[in-house]
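The values are calculated or read from the model by the stated rules, or taken from the named source; none is laboratory data. Computed from a predicted structure; not experimentally measured. Quick reminder, even Gly has a Cβ in these numbers, built from the backbone with ideal geometry, and neighbours come from all protein chains shown.
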Amino acid sequence: MRYIYRVLIGVVPPPFDAWIRAHQAELAFIQNRSSRVRWRLGLVPLSVVTFGWLFAHAPRSLIGGTLMRTILATLSIINTTAGVGLAVLYFVDSGPALVAVLSVGLILQGLYTLAVLAGALGTRLEVGRHVQLVGSTLSLVVGTVGVLAGLVTNLSANAVDPEYGPMAVAMLLVFHGLFSLITFGSDGTGVSPRQSTM
């Protein structure tokens, strides 16, 4: 296709060739974007195959293993950061009390999970693990309800100005709760190696 554009640009005299050059640039942008989309979509089956192979050959590496601990630690940092951001918005804009509750919940969830992963609970490890499982289950349930409520509210015919912020917070709760249950729900795994010696 680019050869056709070269011929057209060579035949059409300036300044009339400007439209052809603009069209060529736009088409190249669209082609690059579609190739990026195809490349990203190709990552989906690759990820599924990789995780499937890992789960079939070394299930401990996924369930409560290093990979899940790393993902959960990353999600905990994201939740803590989001909670701090919500707290700042609450104090700056004087938003509803729900924003303050969500910010405190996200901060506590993130920091407590990081403490459990790092082994900061010491001899109270088993109690902390049970508290983590209860909190993760509650987080998953509340987050799922929040996502469904956000979908119903935003997709309704009366939704003039959709609000996606609460639904994003609910999705953070869902992902953190899900990965936390996977990490801590497998025979005491999911904690750092030095905790097992305490």
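Checked against the criterion of being at pLDDT below 85 and over 21 Å from residue 82 (Cα atoms), the candidates 165, 95, 150, 185 yield just one match: 185.
Among the conditions (1) modelled with pLDDT under 80; (2) surrounded by fewer than 20 Cβ atoms within 10 Å (Cβ to Cβ); (3) not hydrophobic (A, V, I, L, M, F, W, C), the only one that residue 190 does not satisfy is (2). If you check every pair at least six apart or on different chains, which have Cβ atoms under 9 Å apart with a residue in region 84-95 that is without any contact (Cβ under 8 Å) to a residue 60 or more places away in the chain first and a residue that is of a type in the set (Ser, Thr, Tyr) and surrounded by 11 or more Cβ atoms within 10 Å (Cβ to Cβ) second? As it stands, the answer is 84/103; 85/103; 87/103; 88/103; 89/103; 90/103, since those pairs meet every condition given.
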